[in-house]
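The values are calculated or read from the model by the stated rules, or taken from the named source; none is laboratory data. Here the structure is a predicted model, which is why all the values come from computation and not from measurement. We place every Cβ from the backbone using ideal geometry, glycine too, and count neighbours over all the protein chains shown. Side chains included, ligands, DNA and RNA excluded: accessible areas come from the protein's heavy atoms. Shrake-Rupley method; radii C 1.70, N 1.55, O 1.52, S 1.80 Å.
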Amino acid sequence: MDVALVKPTTERATRELFAAARDRLPGSGPVSEARQAAFDDFARRGLPYRRIEEWKYTDLRTLLREIAPLAATPDQAALARAAKAVVARDAKGAYKLVLVDGVFAPQLSDQTPETGVEVRALRNILENNDVAARADLLITTAASDTMISLNTALATDGVVIDVAENLNLSRPLHIVHITTQSSTAAFTRSLLRLANGAHATLIESFVAAEGAAAYQAHDSVVLWIGDGAELQHVRLVEDAHDAANISTAIVTIGAKARFNSLNLTCGAAVSRYQGFIKFGGEGSHADVNGVNLLNGHQHGDTTLVLDHAVPHCSSNEVFRAVLDDQAHSVFQGKIIVQPDAQKTDGKMMTRALLLSDGAEADNKPELEIFADDVTCGHGATVGALDESLLFYLRARGLSEKEAQALLIQAFVGEAVESVADDGLRDVVIEAAERWLAARG
Amino acid sequence: MPLLEVKDLQVRVEEREILHGLSLTVNKGEVHAIMGPNGSGKSTLSHVIAGKPGYEVTGGQILFNGEDLLEMEPDERAAKGVFLAFQYPVEIPGVATMTFLRTALNAQRKARGESEYSTPNFLKKVRDVAASLNIPQDMLRRGINVGFSGGEKKRNEVLQMALFEPSLCILDEMDSGLDIDALRVAADGVNALRSPDRAMVVITHYQRLLNYIVPDFVHVMSKGRVVKSGNKDLALELEASGYAQFEEA
Ligand SMILES: Nc1ncnc2c1ncn2[C@@H]1O[C@H](COP(=O)(O)OP(=O)(O)OP(=O)(O)O)[C@@H](O)[C@H]1O
Ligand SMILES: [Mg+2]
């Protein structure tokens with residue numbers, strides 16, 4: 001593929017797209033300046049491709065080719081289709097916050113939860129001139145990345161959630177992203193700020209309304225975890241099998257805090273989940289796990305950067321991929337230990353299970369350690385299902401698919417077991433079971 | 001019609017012939033013991049009957065209730081009533097024993113066109129069988145055989161046998177690794193399953209097991225064949241004289 005040829009075309013198309021979208025993008029003054037700067041950054045560099053080290057396995061110039069036109073504001077018919085999809089993905093007892101085609105849909109969402117929790121639409125904040133520093137909502141602390149820039153430029157909406165100090169949220173917050181319009185792109189940006197000592201659970205789901213195809217979901221979520229706060233975070237990417245999902249999480253963890261995160265990707269033809277997770281206070285711990293369940297020609301990339309910027313923090317990453325047909329899974333895990341970050345404990349273990357000869361798993365661990373008193377390690381395995389275990393199960397009456405399903409569940413379970421809450425773990429397991437059931 | 005008929009079975013593993021024309025007929029209600037030196041092909045025979053991949057049958061036949069067993073997938077064989085208690089049961093971390101037992105039992109029942117067990121009925125059945133085999137409930141909450149002692153694994157095999165109620169039970173060295181008390185409990189479990197509709201093939205190295213599970217027939221296997229058959233006294237003879245006489249043959 002001739003990159004020199006592709007870039008200008010994409011760039012022109014994207015410039016047109018940005019120009020066309022301007023009227024629909026909330027915010028003026030410093031907000032639109034921030035958008036313009038972000039767009040210029042994207043336009044200068046274009047879609048990331050294989051020569052960009054962080055994207056070497058996920059060349060968006062070949063996998064995505066171009067940014068689809070922005071989805072229209074959903075009409076009543078679209079909202080009705082979205083409502084059906086919401087019902088199918090209801091996580092029991094959670095506060096639903098629904099984004100349809102990149103627009104917050106209050107009529108499909110639950111009322112602002114309990115006292116001490118504030119939920120606002122990003123669009124409302126950006127358009128409200130009384131809110132100081134609203135441009136901050138679009139500016140991130142994360143390493144420069146073109147897809148974050150593009151998201152900043154084009155984010156139409158999202159939810160901004162603030163949880164008050166020491167509040168222990170009784171029910172999970174569930175951001176549901178639903179696409180109803182085929183061959184369009186939606187850009188969302190959400191924020192969750194846990195004040196010191198707050199406890200919360202955040203679920204993010206990505207699904208298609210029935211019939212929606214070949215769309216692009218572009219999302220960024222910014223998570224602030226205060227001192228002594230705890231966030232349990234689960235992402236479920238179940239987009240249509242010909243869709244794309246390009247998502248970023250930017251996480252800052254305070255002192256003596258906990259971040260427990262699990263991403264499960266089984267949807268989308270092309271997906272990238274990048275997590276930039278930074279320890280900003282001492283004595284904290286993060287479990288950042290991931291599961292890719294892919295088949296057909298799906299390409300799923302999970303890229304994590306754990307930045308140990310302060311001493312006495314620990315992080316553990318467990319990643320599992322189950323790959324059938326010609327599927328391609330990528331895991332890139334970088335652990336940075338800054339010069340001051342003594343007593344860092346950083347671990348990373350990835351395993352891939354190949355169910356077919358055509359499947360492929362790439363694993364790129366990177367340790368950048370600038371402190372001397374640290375414990376860091378990583379390991380990786382790639383293999384097929386153990387024949388002797390399969391035979392044991394089949395000799396007891398399980399069909400080949402059933403036996404595989406049990407072994408796959410066990411394999412995936414190693415990444416899922418860190419989810420402490422039973423109900424939440426079931427939400428993840430059910431998503432995995434849907435994937436297994438769809439295999440037939 | 002015999003329950004199991006193995007006729008002139010020839011089996012290769014990785015280009016090497018292990019069974020060289022083995023024949024064995026088992027009728028319902030019978031208990032057969034198979035004895036024979038290490039490497040004579042006893043486990044190979046049991047694996048081929050159960051349908052383990054990796055064995056190439058180059059000649060002969062296995063009929064089960066008159067049907068060609070070699071044409072069936074392992075799970076079909078299980079549903080039709082073939083059960084192998086493994087010499088070396090595998091550990092499967094992450095698959096809860098109870099989930100496994102229930103999935104397996106219901107898969108077999110479904111394949112036979114029977115209704116699935118309800119949860120309370122299933123739990124009661126497992127609890128009763130486990131109690132009769134001195135298997136504590138907490139073992140059933142673990143992954144399949146994970147952290148089980150050698151003897152516990154063997155008892156878990158007998159538990160499954162009792163639960164699935166197969167018509168052909170092949171026990172491959174059920175006694176190895178069992179202490180004397182556990183052996184008696186496991187043998188009682190096996191004996192409780194003896195019935196006119198069911199047959200057992202008991203593979204063992206030790207005559208002692210046959211004091212508990214008294215066979216109708218004893219076969220001696222050597223170098224991939226049955227070289228002698230007799231009644232339970234043959235086991236006592238072997239205990240006294242060893243296998244040397246057959247090795248030379
Ligand atoms: N997968 C295999 N690859 C190569 N050789 C094999 C394989 N499985 C079995 N064999 C060989 O086949 C022969 C018979 O083995 P088998 O396990 O059936 O013996 P056995 O009678 O059960 O012995 P034991 O009493 O020690 O359990 C042995 O020589 C063994 O090495
Ligand atoms: Mg053996």
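Here is how the numbers come out for the structure above:
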{"read-out": "Interface size B-A, as summed buried accessible area [1.4 Å probe, Å², nearest 100]", "value": "1800 Å²"}
{"read-out": "Around residue A:438: net Lys/Arg minus Asp/Glu count, Cβ-Cβ under 12 Å", "value": "0"}
{"read-out": "Other-chain or far-sequence residues with amide H under 5 Å of residue A:261's (modelled H)", "value": "A:233, A:287, A:288, A:289"}
{"read-out": "Sequence-separation-based contact order of the range B:4-248, relative, with Cα cut under 8 Å and 6+ spacing, percent", "value": "29 percent"}
{"read-out": "Karplus-derived 3J(HN,Hα), 6.51/-1.76/1.60, for each residue of the range B:181-187, Hz, glycine and proline x", "value": "5, 5, 4, 5, 4, 5, 5"}
{"read-out": "Estimated FRET transfer efficiency when R0 is 35 angstrom, pair residue B:188-residue A:347 (beta carbons, to 0.05)", "value": "0.15"}
{"read-out": "Signed unit charges on C-beta, dipole axis of the protein assembly as shown, positive-most listed residue A:28, A:257, B:66", "value": "B:66"}
{"read-out": "Using θ = phi - 60° and Karplus 6.51 cos²θ - 1.76 cosθ + 1.60, couplings along the range A:257-273 (whole Hz; Gly, Pro as x)", "value": "10, 10, 10, 10, 10, 9, 10, 10, 10, 10, x, 6, 6, 10, 9, 9, 10"}
{"read-out": "Modelled FRET efficiency - R0 25 Å, residue B:223 with residue B:57, Cβ distances, 0.05 increments", "value": "0.90"}
{"read-out": "For chain A, built as a Gaussian network whose Cα springs stay under 10 Å, the top-fluctuating residue of A:287, A:301, A:110", "value": "A:110"}
{"read-out": "Three-way shape call for chain A based on the alpha-carbon gyration tensor, with the a/c threshold at 1.5", "value": "rounded"}
{"read-out": "For chain A, built as a Gaussian network whose Cα springs stay under 10 Å, the top-fluctuating residue of A:73, A:152, A:188", "value": "A:73"}
{"read-out": "Of all accessible heavy-atom area on chain B, the percent that carbon and sulfur account for (1.4 Å)", "value": "47 percent"}
{"read-out": "Mean Kyte hydropathy of -1.0 or more with a Cα span along the axis of at least 20 Å, helices from DSSP in chain A", "value": "A:3-21, A:30-45, A:400-416, A:422-438"}
{"read-out": "Estimated 222 nm signal from helices in chain A, with DSSP H stretches of n ≥ 4 weighted -39500 (n - 2.57), rounded to 500", "value": "-7500 deg cm²/dmol"}
{"read-out": "Percent antiparallel among DSSP beta bridges (both partners in the range B:4-248, rounded to 5)", "value": "60 percent"}
{"read-out": "Threshold 40 Å², the range A:378-417 residues less accessible with all protein chains present than alone (1.4 Å probe)", "value": "A:389, A:391, A:392, A:394, A:395, A:396, A:397, A:398, A:406, A:410"}
{"read-out": "Virtual spin-label span in nm between residue B:244 and residue B:20, 7 Å along Cα→Cβ", "value": "2.2 nm"}
{"read-out": "Net charge dipole size for the range A:3-385 [Lys, Arg +1 and Asp, Glu -1 on Cβ; Debye, nearest 20]", "value": "460 debye"}
{"read-out": "Where the protein assembly as shown is the region considered: accessible area per residue in Å², 1.4 Å probe", "value": "39 Å²"}
{"read-out": "Length-normalised contact order for chain A - Cα pairs under 8 Å, 6+ apart - percent", "value": "10 percent"}
{"read-out": "DSSP-defined beta bridges in chain A - what % are antiparallel, rounded to 5", "value": "5 percent"}
{"read-out": "Sequence-distant residues sharing a close amide H with residue A:272 (under 5 Å, placed H)", "value": "A:245, A:246, A:247, A:301"}
{"read-out": "Cβ charges +1 (Lys, Arg) and -1 (Asp, Glu), total dipole of the protein assembly as shown, debye", "value": "740 debye"}
{"read-out": "Contour excess over end-to-end distance, with Cα ends at residue A:388 and residue A:139 and 0.36 nm allotted per residue", "value": "84.4 nm"}
{"read-out": "Gain on full stretching of the segment that runs from residue B:110 to residue B:214 - 0.36 nm per residue minus C-alpha separation", "value": "34.1 nm"}
{"read-out": "The range A:3-385, accessible surface, carbon-and-sulfur percent (1.4 angstrom probe)", "value": "50 percent"}
{"read-out": "Charge tally in the Cβ shell below 12 Å around residue B:152, where Lys, Arg are +1 and Asp, Glu are -1, residue B:152 excluded", "value": "0"}
{"read-out": "Computed [θ] at 222 nm, helices only, for chain B once each DSSP H run of length n ≥ 4 contributes -39500 (n - 2.57)", "value": "-11500 deg cm²/dmol"}
{"read-out": "Cβ-based net charge around residue A:248, under 9 Å, with every Lys or Arg adding one and every Asp or Glu removing one", "value": "-1"}
{"read-out": "Amide H contacts of residue A:203 (H built 1.01 Å from N, under 5 Å, at least 5 apart or other chain)", "value": "A:173, A:174, A:175, A:234"}
{"read-out": "Heavy atoms of residue A:165 accessible to a 1.4 Å probe, total area in Å² rounded to 10", "value": "120 Å²"}
{"read-out": "Paramagnetic label zone (point 7 Å from Cα along Cα-to-C-beta, residue A:110; backbone N under 14 Å) in the range A:159-202", "value": "A:169-176, A:200-202"}
{"read-out": "Modelled FRET efficiency - R0 30 Å, residue B:123 with residue B:181, Cβ distances, 0.05 increments", "value": "0.65"}
{"read-out": "Near-label residues of the range B:4-21 by backbone N, under 15 Å of a point 7 Å along Cα→Cβ of residue B:65", "value": "B:4-5"}
{"read-out": "Residue-by-residue Karplus 3J(HN,Hα) for the range A:233-247, coefficients 6.51, -1.76, 1.60, Hz, glycine and proline x", "value": "10, 10, 10, 10, 9, 10, 5, 3, 6, 10, 8, 10, 9, 10, 10"}
